[in-house]
Amino acid sequence: MPAVLQHRAGCRGNVLIGPEQIDLIIDTDPGADDVVALLFALASPDEFNVRALTTVAGNVRLDKTSRNARLAREWAGREDVPVYAGAPKPMMRTPIYAEDIHGKEGLSGVAVYEPKAGLAEANAIDYLIDTLMAATPRSITLAILGPQTNLALALIQQPGIVQGIKEVVIMGGAHFNGGNITPVAEFNVFADPHAAEVVLKSGLKLIYLSLDATHKILTSDERLKQIAALNNRASKLVVDILNDYIKADMEHYDIPGGPVHDAAVIAWLLRPQLFSGREVNVVIDSREGPTFGQTIVDWHDRLKAPRNAFWVNDGDAQGFFDLLTERLGRLK
Ligand code: BDR
Ligand code: CA
């Protein structure tokens with residue numbers, strides 16, 4: 001299909017954009033699997049027009065997630081993509097981090113350093129408001145790879161931003177699998193359940209890539225060898241990052257490989273046919289107590305309540321790793 005010229009609000013003049021290209025903002029808290037997801041997305045310019053990366057506190061503090069997002073951008077050779085730093089803490093709850101899984105710097109297994117290019121000047125929440133208010137109706141996809149604080153704050157400040165959003169694809173939640181931070185809660189939702197509630201109540205089209213799916217898409221020696229065989233810088237980084245990152249989950253769950261959660265969001269956007277799920281009603285529990293941060297999914301429609309999200313619960317693991325490998329092969 002031929003590329004077409006479109007005029008986008010907020011851009012000077014016309015830009016070349018393919019007819020099926022996704023106008024994408026990635027909100028992220030890198031994080032080992034976030035970095036893999038960012039490399040994956042930034043290696044796919046035919047499908048994604050990545051407008052910006054917005055960062056949030058999550059796996060580690062905001063200064064570190066923002067640095068790691070800039071590192072991922074540098075490693076992908078995509079310093080053209082701006083990085084905006086957003087919320088330094090969750091909306092209401094005490095901040096929690098995942099240094100035990102991602103290391104003190106939020107990224108282990110590779111050398112972490114100050115990237116050449118800095119942050120964009122604006123705050124991520126202002127950037128989201130300005131961009132989404134000016135956007136063509138329902139034109140921008142948001143991929144959220146961390147706590148949903150930035151989008152929730154933007155929605156509270158300017159509810160009109162929903163006009164610019166096509167859909168929101170979220171890595172978060174757990175139903176059949178059980179949680180990874182408490183017996184019932186998944187880290188991203190647990191880290192800011194109040195934000196997840198605001199997003200859920202916005203009426204936006206939401207897709208949840210839950211632990212139910214990501215825990216079925218595990219690394220294996222073969223799959224890591226397949227990436228390593230690319231023998232470029234990106235593949236070496238990904239293999240080194242994953243070898244370190246998967247250790248904790250493999251040990252904790254006694255499984256033969258580890259999940260690469262956030263990268264599933266990018267795979268979903270590129271090849272939704274690799275996944276399956278259903279429209280459901282989801283409720284977030286933000287009450288203090290043992291179910292804090294739980295996503296309650298009415299899989300069998302017992303309540304006949306409005307379906308407010310598409311819940312992805314399964315995925316083609318080999319298809320995922322083949323696609324990731326192919327894309328990493330496009331980087332240096
Ligand atoms: C999610 O939690 C974070 O630690 C990962 O980056 C991922 O986004 C998985 O529960
Ligand atoms: Ca993440």
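List of remarks:
- Close amide H partners of Ala52, meaning residues 5 or more places away or on another chain with modelled amide H under 5 Å apart, are Ile26.
- Among Gly77, Gly58, Gly179: highest mean-square fluctuation, GNM of the chain, C-alpha pairs under 10 Å: Gly77
- Under-22-angstrom lysine pairs by C-alpha in the chain, whenever the two are 8 or more apart or on separate chains: 23
- Relative pair counts by distance (%), Cα atoms of segment 111-268, 5 Å bins: 2, 8, 14, 17, 16, 15, 13, 10, 4, 0
- Computed about its Cα centre, the charge dipole of segment 260-332 is approximately 200 debye, with only Lys, Arg, Asp and Glu carrying charge at their Cβ.
- Rounded to the nearest Hz, the phi-derived 3J(HN,Hα) couplings of segment 163-180 under the Karplus curve 6.51 cos²θ - 1.76 cosθ + 1.60 (θ = phi - 60°) are 4, x, 9, 7, 6, 10, 10, 10, 8, x, x, 7, 10, 5, 6, x, x, 10, where x marks glycine and proline.
- Long-range HN-HN contacts of Ile170 with modeled amide H, under 5 Å: Ile144, Ile207, Tyr208, Leu209
- At an R0 of 35 angstrom, the distance between the Cβ atoms of Val112 and Gln157 translates into a FRET efficiency of 0.60.
- Whole-Å distance, taken between Cα centres, linking segment 256-315 and segment 130-150: 20 Å
- Long-range amide H partners of Asp314 with built H, under 5 Å: Ser276
- Taken along the Cα-to-beta-carbon direction at a fixed 7 Å, the label points for Glu105 and Arg278 span 4.6 nm.
Each value in this text was obtained by applying a stated rule to the coordinates, not by laboratory testing. Because the structure is a prediction, the values reported are computed rather than measured. Here Cβ is always computed from backbone atoms with ideal geometry, including for glycine, and neighbour counts include all displayed protein chains.
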